[in-house]
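Structure, as structure tokens:
The values are calculated or read from the model by the stated rules, or taken from the named source; none is laboratory data. This one's a predicted model, so the numbers in the text were calculated from it and none came from an experiment. Cβ sites come from the backbone with ideal geometry, for glycine too, and all protein chains shown count toward neighbours. Just the protein is used for accessible areas: all its heavy atoms, side chains included, with ligands, DNA and RNA removed. Shrake-Rupley method; radii C 1.70, N 1.55, O 1.52, S 1.80 Å.
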Amino acid sequence: MAPEPLAAAVAGVLPSVRADLERLVRIPSVSADPAAAPHLAASAREVAALLRDAGLPEVEVVTAGGGQPAVLGHRPGPPGAPTVLLYAHHDVQPPGDAAGWDSDPFEPAEWDGRLYGRGAADDKAGIAVHLAALRAHGDRLPVGVTVLVEGEEETGSPALPQFLAAYSGRLRADVLVLADSINWATGIPALTTSLRGGANVTVEVRTLRHALHSGAYGGPVPDALTALCRLLATLHDERGDVAVAGLARGSADPLDLTEERLRADAGVLAGVHLIGTGSLTERLWAHPAISVIGVDAPPVGAASNTLLPAARAKVSLRVAPGDDAARARAALVTHLKTCAPWGVQVTAEPGGAVAPYAARAGGRAYRAAHAALASAWGRPAVDIGVGGSIAFVTAYAAAFGEAEILITGVEDPGTRAHGTNESLDLAVFERACVAEALLLRNLAAAWR
């Protein structure tokens, strides 16, 4: 159990932090929606006010490269203490289908020990964890702290290179702490030590100069949507493994992940088989993955008996740690262009790419984090990989290679980040707050 004084300090500030988190959730800061720009600005202003209230004397809303507003704050530490960069993001995913939510996605609601709402976990809870740690330490903050709350993480951080170039002098730190990941289970903390990279490609198939009556021409004349379906089906083999040539596959500790747990966590329907080969953790963290995440085609309700001349799809690629995201994306483009059926015309437009990441484990900050997590949760933490991507991690690692990077978790397997009914386990949240407060103290001791 966490040492009583600091745990008690976190418990004392938790009601105010919870109220601040709920206020942030009510702001629909969807970075992918151009119409939400005023909400992004309001969210940034609110975060800046909260950081000032938490004792940071230097706080500013900043932008670079035409990107969304971020918040940058700083408080110097005692002589000889390390500087710790605390990262989170205040932008959120679109809410998706309103019918899939049991409550208003932008009105926080609690039941069964969970707080529901878009951004309640990903990643406005990360902001709240930082606030709790700062408030718990109060005027006795043992390290120097810089806080960066990004405003476009959910769109792949497109202005990140310009942002790092503009503010590199203010972002340099000894340790980077990102509260934007997941724990192994509701009662088991985790430190994320690897991330898959990500890339996407928009593919278009064309078969005709114009649409045709399906009765008059169907049979010998191919329609674009059927051709696109056949092309997309070539992305996996019969076992469900990615069939694009040249992509790297790594290994991962299987831990204790069972098929039953994965099916339950993911909500896999009865009778639906899991796909791919290798251990489950390898398939989740260390192998490439491809998903079709969007298709441009007439909706069923508006469909007519017509052969479509063109059809498009957006293909998402997850890249294994150790692979090169740009090279992997190029391999996907090549596959799409060479595997199309029936001589149809194919264009494949590369989208953004985020590099994978593998942490250097075993350093002072790594040991300090494991000690903090074990104290806060009452049991040792496990090292895990995560199948998603965080652009800031790899960009920061490239710019500041001497810094240790710690990726911690405010989520649990029931969070449903990016999905409907996203939620935060409030007991996990409290443990995460205690762990970060302890981590700041441990880092100060490790640098003495």
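Points worth noting:
- Residue check for residue 376: over 17 Å from the mean Cα position of the chain (by Cα), under 30 Å from residue 245 (Cα atoms) and crowded, with 19+ Cβ neighbours inside 10 Å: no
- Exclusive hit being within 30 Å of residue 162 (Cα to Cα) and of a type in the set (Val, Ile, Thr), set 434, 354, 382, 346: 354
- Filtered residue count, segment 161-201, keeping only those that are crowded, with 23+ Cβ neighbours inside 10 Å and in a helix (DSSP H, G or I): 1
Each row is one residue, and each column tells you yes or no for (1) in a helix (DSSP H, G or I); (2) of a type in the set (S, T, N, Q); (3) buried (at least 24 other Cβ atoms within 10 Å of the Cβ); (4) at pLDDT 95 or above.
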| site | (1), (2), (3), (4) |
| --- | --- |
| 333 | yes, no, no, yes |
| 337 | yes, no, no, yes |
| 348 | no, no, no, yes |
| 372 | yes, no, yes, yes |
| 439 | yes, no, yes, yes |
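- The residues of segment 81-98 that are at pLDDT 95 or above, over 21 Å from residue 156 (Cβ atoms) and open to solvent by 20 Å² or more (accessible area, probe 1.4 Å), listed by number, are 81, 83.
- Qualifying residue in segment 219-238 (condition: out of contact with any strand residue (DSSP E or B) (no Cβ under 7 Å at 6 or more places or on another chain), at pLDDT 95 or above, hydrophobic (A, V, I, L, M, F, W, C) and not in a loop (DSSP other than H, G, I, E, B)): yes
- Restricting segment 99-135 to residues that are open to solvent by 10 Å² or more (accessible area, probe 1.4 Å) and of a type in the set (Gly, Ala, Ser), the residue that is nearest to the chain's Cα centre (by Cα): 100
- Residue selected from segment 379-388 under the condition open to solvent by less than 30 Å² (accessible area, probe 1.4 Å) and not in a strand (DSSP E or B), by the criterion farthest from residue 282 (Cα to Cα): 381
- Checking each residue in segment 15-46 for being buried (at least 20 other Cβ atoms within 10 Å of the Cβ), hydrophobic (A, V, I, L, M, F, W, C) and in a helix (DSSP H, G or I) picks out 17, 21, 24, 25, 36, 40, 44.
- Residue in segment 78-96 that is without any contact (Cβ under 8 Å) to a residue 12 or more places away in the chain and assigned to a loop (DSSP other than H, G, I, E, B) present: yes
- Residue among 438, 406, 424 that alone is of a type in the set (A, V, I, L, M, F, W, C) and under 18 Å from residue 116 (Cβ atoms): 424
- Residues being open to solvent by less than 50 Å² (accessible area, probe 1.4 Å) and touching a residue at least 24 places away in the same chain (Cβ under 8 Å) - total across segment 257-271: 1
- Search result, residues across segment 315-331 that are out of contact with any helix residue (DSSP H, G or I) (no Cβ under 7 Å at 6 or more places or on another chain) and assigned to a loop (DSSP other than H, G, I, E, B): 322, 323, 324
- For segment 47-65, residues that are part of a loop (DSSP other than H, G, I, E, B), open to solvent by 50 Å² or more (accessible area, probe 1.4 Å) and at pLDDT 95 or above total 2.
- Any hit, segment 52-59, residues being in contact with a Leu (Cβ under 9 Å, 6 or more places away or on another chain) and among the charged types (D, E, K, R): yes
- The single condition among (1) more than 30 Å from residue 343 (Cβ to Cβ); (2) buried (at least 16 other Cβ atoms within 10 Å of the Cβ) that residue 224 does not meet is (1).
Conditions tested, residue by residue: (1) closer than 18 Å to residue 250 by Cα; (2) open to solvent by 30 Å² or more (accessible area, probe 1.4 Å).
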site: 277; (1), (2): yes, yes
site: 291; (1), (2): no, yes
site: 298; (1), (2): no, yes
site: 302; (1), (2): no, yes
site: 315; (1), (2): no, no
site: 323; (1), (2): yes, no
site: 329; (1), (2): yes, yes
site: 357; (1), (2): yes, no
